[in-house]
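These notes concern the structure reproduced below.
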Amino acid sequence: MILSRTSVKNLDRNLQNFSQIRFIYVVDNDNDLSYDSRKIQGIHANISCVCSQLEKDIILCTSDLTKIASYSDDDDINNSTFAYTQVLKDILLEIDETVDLKTNMLEFCRQQYIGNEIQLRFIDEFEYHFRPDQAITWFTRQETFIFKMLTRAFRILEPDILFQLRFFIQHLHQQLKSNLSTTPMTVYRTQYISNDDIDSISKKQNGLLTFNEFLMTYKTEVEAQQPVNTDMKLVRFEIELNKTIPMMEIKTNPENILITTGTVFRISAIKRIDKEIIIIKLTLDNDILNTVQQITKNIQENTYGPFPLFRITKLMKQMKNIQYTEYFCNILVDRQLIINDEAANSTVASLFHMLCCFYYEKKQYDHALEHLQTSLKVYLRILSSDDIKLTTTYNNMGSIYHRQGLYEQAFYYHKKAYDIQVHYSNFDPYAIAAYACNIACVLVEQGKYEDAIPYLQRDLQIQKRLCPNRDDIQLSTKYHNLAGAQFRLQKYNKALENYQKCLEIELKLHSSNHPTIALTYCNMATVLEGLKRLEEAIETIQKAIEHLLLTRNENDEEIQLYKEYKKSLQQKLV
C-alpha cells in the first residue's frame with residue numbers, strides 16, 4: 001500500500017492487522033513521521049524511491065513464502081516434516097514407466113487453466129517445443145503456468161499438484177544435476193522468517209535444514225531493510241556449495257544460482273548481527289547423506305511399493321493426511337497394475353477401510369459407506385466372499401447401515417459376519433460376541449425381541465467364559481441387555497434375575513453414586529411392577545432416587561421422573 005503523509009495519519013489502525021497488507025510505503029519529503037505502525041516500510045521522497053524499494057521487497061516477499069524444514073536429534077522422527085518432505089522428494093523424482101508423465105501433466109494443467117487463454121497458449125507452447133535442456137529456462141519464466149503451479153505447490157505443500165508435475169520436476173532436477181559445479185562457492189539467500197521459526201532453527205545448531213522447493217540463490221547478498229516492529233526477522237543464509245549439489249547459473253542473470261529441491265544442509269552457525277538481522281551459515285559435509293537415510297529409513301520402508309502412485313498414497317496415510325490419502329486412493333483403486341497384485345490390493349483395501357473409519361467417527365455415514373464398499377470391492381479381487389478376513393468389513397458395514405436406520409441391511413451384514421466367524425475352525429470368540437451383540441441391537445431396534453434373545457444369550461455366554469471371575473463391567477452390561485429384551489416379552493422372572501446379576505456386579509465395581517446403578521434399580525422396579533410386587537417396586541425406585549441424589553439436586557429432571565413413577569406405584573398400591 002502506497003500512501004501520502006496525510007492518508008497514513010488518517011489510516012484505520014485495524015488495517016495493520018490485515019495479513020493481505022505486508023508493507024505500507026509513505027511518500028513524503030519529511031522523514032519525521034510520528035505514526036507508529038509495524039507495516040510502514042520507510043518514508044520516501046518520491047514514487048521513484050518507492051519503486052526502488054519495491055523491487056527489493058518483491059524479491060524478499062517472494063522468498064518469504066519458501067517453506068523451510070529443519071531437524072535435530074531431539075526431534076521425533078515419526079512426526080518430522082523434514083523426513084516426510086525428503087521421502088516425498090524421492091517419490092517425485094522416481095522414474096515412473098507406468099504412465100505417460102508429459103501427457104498426464106499437460107491434461108492436468110489444461111484442466112487447471114480452463115478459460116485462461118494466455119496460460120493455455122503457454123501449455124501448447126510447452127507441449128510442442130519443450131526440450132529437456134530448456135527446463136531451467138521454463139522455470140525462470142515466472143509468467144507461465146509452470147512457475148506459478150510449481151512454486152505454489154511446493155510452498156503450501158500440495159502433493160497432488162506436485163505429483164502431476166513430475167515430468168517437469170524430473171527434467172529440471174536432471175538439468176541441474178548434469179551441470180555440477182567443479183569449484184566450491186558461497187551463495188546467499190535473504191528472506192523474512194517468523195520469530196517462531198527462528199526460535200525453532202536456533203535450537204538446532206549442527207542440525208539439518210532444507211528448503212522445500214527449487215531454491216533461487218544469489219552470488220552477492222541482497223540488501224533489505226528490516227520492517228519496524230514486525231513479527232518476522234530478516235535472515236541471511238550464507239550457503240556453501242560444492243560439486244555434489246545439483247545447481248546451475250541462470251543464463252539470463254549470471255548472478256543467480258538455482259539449487260535443486262530438497263537439498264539438505266548442515267546448520268553450522270547462527271549469528272545475530274543486531275536485534276533484527278540474523279545470519280545462518282549452511283554447509284555440506286559427508287555425514288549428511290547417511291543422517292538423512294537414517295531419519296527417513298522407517299518412512300521409506302513403510303511407503304515401499306511397486307510404483308510411485310502406490311508409494312505416495314502410503315506416504316499420505318503415514319502423514320495422517322486424510323484429504324490426500326483419499327485423493328490418491330481414488331486414482332489408485334482401478335489401476336491395472338494393482339488389480340492382479342494380491343499385496344497391493346490388500347493395502348489399497350485397508351486404506352479405504354481406514355478412510356471409512358475416519359468418516360464414521362465424524363458421523364459422515366454416506367462417505368464412510370462409500371469407502372467401505374470400495375474396500376470390499378477391492379478385497380473381493382483376492383478373497384472369496386466368505387473369507388474370514390472379510391468379517392470385520394461386513395460387521396462395519398452393518399454398523400453404518402444401523403446408524404442410518406437401515407435395519408434390514410444392517411442385519412444382513414452383521415449376520416454375514418457372524419455366520420462366517422462361527423463356522424470358521426479357528427473362530428475368534430471376541431468377534432462372535434461382538435457380532436452377536438450387534439445383531440441383537442438391530443433386532444431390538446426393530447422390536448424383534450424374541451429373535452434378539454438367542455444372540456443376547458450367546459453374547460452373554462461368551463463373555464462369562466472370557467471373564468471367569470464374573471466381576472466385569474462388560475458382563476453387567478450383557479445381563480442388562482438380556483434383561484431388557486426379556487422384560488419386553490413380559491418374561492419378568494428371567495428379566496429380574498438378570499437385572500439382579502447386573503446390579504450385583506455394578507455395586508462391586510462402581511462407586512455408589514454411579515448413574516448406571518440408579519438406572520438398573522429403576523428397571524428392576526418396572527419388572528417388579530410387572531410381577532405385581534408393588535411394595536418391592538416402590539422400595540427399589542426409592543433406591544434409584546437416593547443414588548441419583550448423591551450427585552444431583554432435587555429439581556433434576558430424571559429425579560422428578562423417578563418420583564412421578566414412584567407416586568404412580570403408590571397409587572396402584574392403594
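The values are calculated or read from the model by the stated rules, or taken from the named source; none is laboratory data. Given the structure is predicted, the values throughout are model-derived calculations rather than measurements. Neighbour counts are summed over all protein chains in view; Cβ atoms, including those assigned to glycine, are modelled from backbone coordinates with ideal geometry.
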Query raised in the report: Somewhere in segment 547-566, is a residue under 30 Å from ASN469 (Cβ atoms), in contact with a Ser or Thr (Cβ under 8 Å, 6 or more places away or on another chain) and assigned to a helix (DSSP H, G or I)?
Result: yes
Requested in this report: Scan ILE250, ILE267, ILE273, ILE239 and give me the residue that is touching a Gly at 6+ places or on another chain (Cβ under 8 Å) and assigned by TED's automatic domain parsing to the domain that holds PHE147.
Outcome: ILE267
**Report entry** Options THR261, THR313, THR303, THR325; residue that is within 25 Å of the chain's Cα centre (by Cα), within 22 Å of LEU208 (Cα to Cα) and buried (at least 21 other Cβ atoms within 10 Å of the Cβ)
**Finding:** THR261
Report task. Collect the residues in segment 151-183 that are farther than 19 Å from PHE82 by Cα, among the aliphatic types (A, V, I, L, M) and under 26 Å from the mean Cα position of the chain (by Cα), keeping them in residue-number order. Result -> ILE161, LEU165, ILE169
Report summary line: Given (1) closer than 19 Å to THR516 by Cα; (2) within 37 Å of the chain's Cα centre (by Cα); (3) modelled with pLDDT of 95 or more, LEU443 misses just (1)
Report task. Would you tally the residues in segment 248-258 being surrounded by 17 or more Cβ atoms within 10 Å (Cβ to Cβ) and within 30 Å of ASN195 (Cβ to Cβ)? Result -> 2
Requested in this report: Could you look through segment 377-431, keep only residues that are of a type in the set (Lys, Arg) and part of a helix (DSSP H, G or I), and pick out the one that is farthest from ASP366 (Cα to Cα)?
Outcome: LYS389
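Listed here are the residues, each with its yes/no results for (1) in contact with a Cys (Cβ under 6 Å, 6 or more places away or on another chain); (2) assigned to a helix (DSSP H, G or I); (3) surrounded by 15 or more Cβ atoms within 10 Å (Cβ to Cβ); (4) at pLDDT 95 or above.
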position: PHE108; (1), (2), (3), (4): no, yes, yes, yes
position: ILE114; (1), (2), (3), (4): no, no, no, yes
position: GLN119; (1), (2), (3), (4): no, yes, yes, yes
position: ASP124; (1), (2), (3), (4): no, yes, no, yes
position: GLU127; (1), (2), (3), (4): no, yes, no, yes
position: ALA135; (1), (2), (3), (4): no, yes, yes, yes
position: TRP138; (1), (2), (3), (4): no, yes, yes, yes
position: GLN142; (1), (2), (3), (4): no, no, no, no
Query raised in the report: Of the residues that sit in segment 479-534 and are assigned to a helix (DSSP H, G or I) and among the basic types (Lys, Arg), which one is surrounded by the most Cβ atoms within 10 Å (Cβ to Cβ)?
Result: LYS501
Report task. Output the qualifying pairs, or none if there are none: Cβ atoms under 6 angstrom, residues six or more apart or on different chains, first residue in segment 152-167 and in contact (Cβ under 8 Å) with a residue 24 or more places away in the chain, second residue aromatic (Phe, Trp, Tyr) and assigned to a helix (DSSP H, G or I). Result -> PRO159/TYR324; ASP160/TYR327; GLN164/PHE108
Query raised in the report: Does segment 490-508 include one or more residues that are modelled with pLDDT under 95, closer than 25 Å to LYS567 by Cβ and in the same structural domain as LYS563 (by TED's automatic domain parsing)?
Result: no
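On the given criteria, is ILE245 within 12 Å of TYR188 (Cβ to Cβ) and surrounded by 15 or more Cβ atoms within 10 Å (Cβ to Cβ)?
Against the criterion (within 12 Å of TYR188 (Cβ to Cβ) and surrounded by 15 or more Cβ atoms within 10 Å (Cβ to Cβ)), ILE245 does not qualify.
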Query - Looking only at segment 400-450, and only at residues there that are under 21 Å from LEU482 (Cβ atoms) and among the polar types (S, T, N, Q), the one that is surrounded by the fewest Cβ atoms within 10 Å (Cβ to Cβ) - result: GLN446
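Which of the residues spanning segment 547-574 are of a type in the set (Val, Ile, Thr) and surrounded by 11 or more Cβ atoms within 10 Å (Cβ to Cβ)?
Hits for segment 547-574 are THR551, ILE559.
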Query raised in the report: Looking only at residues in segment 75-98 that are surrounded by fewer than 16 Cβ atoms within 10 Å (Cβ to Cβ) and over 23 Å from the mean Cα position of the chain (by Cα), which one is nearest to ILE280 (Cα to Cα)?
Result: GLU94
Query raised in the report: So which of GLU117, GLU127, GLU143 ends up being over 30 Å from LYS314 (Cβ atoms) and in contact with a Leu (Cβ under 6 Å, 6 or more places away or on another chain)?
Result: GLU127
Requested in this report: Evaluate the following for GLN134: is it more than 24 Å from ALA69 (Cα to Cα) and free of Cβ contacts under 8 Å to residues at least 12 places away in the same chain?
Outcome: yes
